[in-house]
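Enquirer: Have a look at this one.
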């Protein structure tokens, strides 16, 4: 029969919890090794778990499993926020994709919803900010509604749910006013429709980030280079700018890669 815990034993338990396994091995040189190991499970009860900041809230990232969205998730978590990622793919697929992009699993609440069709009100309830990374790339199907109508729906739903801040990823004016408007007319028009919807719902309190070409691509994808002479925006810089908007540190418009890359 094991004897009841003494003050010395409790002192060992607390020491193990505070100093960790390495300290346990060093203590084993001076104490009965079996005695120390027998106390390890109890020490785990005292292990401190990092907590979110007291003033942090929930942020919903629509398209949170995408190339930029994954970095947004990562930064928000580091800031102490709880993060909900919304995408059409399954939670497991989202988690795996995010892991490949940022190089580690993230403690994100992955939700499988189609933002163009499903009710978003329950997901948005209680969020302090919504970030939309949703869009159909140039050359994809249904670029007009896939960039315009869907983001108008997201902005409307966020406003109706009482979400205070909204961030949208649009397209750089340099591209929208250049030859790209003739090559990708529906893409440019859809982005413009989305920006108009965000302005209607949130005015100048929203943040619209307008990147040109974003550097790199998700693992396993190859993306074409941008126009000659255009400096690419890093996905991390776009993500940092988006988080600044979600946290209320930035609003208005950030237009072009040079303006984005300072973040």
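Only the coordinates and a few stated rules stand behind these numbers; no lab work does. Remember, it's a predicted structure, so these values are computed and weren't measured experimentally. We place every Cβ from the backbone using ideal geometry, glycine too, and count neighbours over all the protein chains shown.
Enquirer: For a footprinting-style exposure proxy, rank 184, 166 by other Cβ within 10 Å, fewest first.
Expert: By the 10 Å Cβ count, ascending: 184, 166.
Enquirer: Ok, one more. Could you state the number of Å between the C-alpha centres of the stretch 83-115 and the stretch 122-139?
Expert: If we compute the Cα centre of each part, the gap is 13 Å.
Enquirer: With an 8 Å Cα cut-off and a minimum separation of 6 or more residues, compute the relative contact order for the stretch 69-212 in percent.
Expert: It rounds to 21 percent for the stretch 69-212.
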